[in-house]
Every structure is written in C-alpha cells, then in structure tokens.
C-alpha cells in the first residue's frame, strides 16, 4: 500500500511540474496599417416636428439650436468629434475600421436624473473589403440612393470607468478580441447616401448605432458634408 501511495505522489508531482513549466506567449499584436485624415466637421440637420423648421448644428443632430456646447452633444447619440477610416490586416484579411470619436454621458443617479457625467467614446464599425469597396462605389457614384451598411463587429471604448486605458493600443485589442470571438454583442448600422443638391455634391449620413435603432428618418435628420470632404476618408 505504501508503494502505491508513493507512485501516486510521483505521478502527481510530474503532472504539476508539466503544467507550471509551460512557456508564456503573448497574443499577436496588431496595428492600423493606414489611416485616413479625420473628418472633423459636418452640419447636422433635423426638422422640428412642431414648427416644421430645419435646425442645423455643427456635428450634432438636434431639433433645437445647440446653446450648451459639448453638454448638448453628450445628450444625443447622433454626434461626433471626428470620423476616420483605418486599415487593419487581421490574419491575412484586409479589414476597414470606421472610427467615430464622440461624446457620451449618463446620470450618476439615473432614477432621479441627477448629476450628468460626460465622457469620451470611440465607436468602431468594421467592414470587410467587399463592403468597403461597395461603400466607396456608392458614395463616388452619387446615386441618390439610401443604403444601410451593417457590421457584425461593432462596439465602443470609453473613458467612463478608466480613462488611463483609453488609447489606440487598447482600442485595437478590443477590436481584435471581438474578431477572434466571431461577432459582437450586437450589430451596428450606418445609413447614408450621396447626391447632388442645388448644384452641390454632398453626402448625407448618420453615424453608426445599434441595429435596433430606427434609421428610417434620414430624410428628416442627417449630417451633411461636401462629397470631396467625405471622400478623404477613403484610403
């Protein structure tokens, strides 16, 4: 019996040693291979339901004039500080990531709507090469046809919990983690069109949002920017 116990201890010791002797290997790191210039300004237009007047704001869709600056932006999901497209090669596959830097906010005490706290947020919206080329063709063609792009890989990173981790390295890591898992928690949608209005080539669009968001009102609210400015996003 003593001999059997000794043998068991020896086997257990060997297994334990094998487990803890494994080498440490970091996960593969990725970088954005190309980046477009940032689009930092577009007029947001929305028709007021009561008066019927069109209200415009910089980088914000709202049916009243923005008199509170960044606070107003943080209250509305359709706002942005910048848009940018970055190229990412993931396991030999060319992907294109639309980054939307924006403001967001929430109440510290939501039950009583008290103490509004603003924070920065970067949304990512990933397209494969086929989707990206379709987007370019549609925008450059000025077809005056509304399209909705859908991404299975859509999410965000913000400064609400820990601003120290709000950087490009961690953003890319979050994107790659979602790619490794195969899909995100929810899909994202982005609606836009390209057309000639009063002799001027423009792009009208809504920044990405969750797929359950109502995007059927682009004729009543949208961002508008010169076509030539939007085309700078293509890399």
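Here are the numbers:
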read-out	value
Any hit, segment 220-230, residues being in contact with a helix residue (DSSP H, G or I) (Cβ under 8 Å, 6 or more places away or on another chain), more than 21 Å from residue 120 (Cα to Cα) and not in a strand (DSSP E or B)	yes
Selection from segment 104-139 of residues that are touching a helix residue (DSSP H, G or I) at 6+ places or on another chain (Cβ under 7 Å) and over 22 Å from residue 211 (Cβ atoms)	105, 118
Test: residue in segment 78-87 that is over 18 Å from the mean Cα position of the chain (by Cα) and assigned to a strand (DSSP E or B)	no
Any hit, segment 180-188, residues being in contact with a helix residue (DSSP H, G or I) (Cβ under 6 Å, 6 or more places away or on another chain) and not in a helix (DSSP H, G or I)	yes
Residue selected from segment 92-115 under the condition within 24 Å of residue 168 (Cβ to Cβ) and surrounded by fewer than 12 Cβ atoms within 10 Å (Cβ to Cβ), by the criterion farthest from the chain's Cα centre (by Cα)	92
Selection within segment 64-73 - surrounded by fewer than 14 Cβ atoms within 10 Å (Cβ to Cβ) and assigned to a loop (DSSP other than H, G, I, E, B)	64, 65, 67, 68, 69
Residue within segment 74-91 that is within 12 Å of residue 120 (Cα to Cα) and surrounded by fewer than 15 Cβ atoms within 10 Å (Cβ to Cβ) present	no
Test result for residue 39, modelled with pLDDT of 95 or more and surrounded by 10 or more Cβ atoms within 10 Å (Cβ to Cβ)	yes
Residues satisfying the stated conditions in segment 124-155, i.e. part of a strand (DSSP E or B) and crowded, with 18+ Cβ neighbours inside 10 Å	124, 125, 126, 127, 149, 151, 154, 155
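The values are calculated or read from the model by the stated rules, or taken from the named source; none is laboratory data. Predicted, not measured: the structure shown is a model, and the values here were computed from it. Don't worry about glycine lacking a Cβ; one is built from the backbone with ideal geometry, like all the others, and counts go over all protein chains shown.
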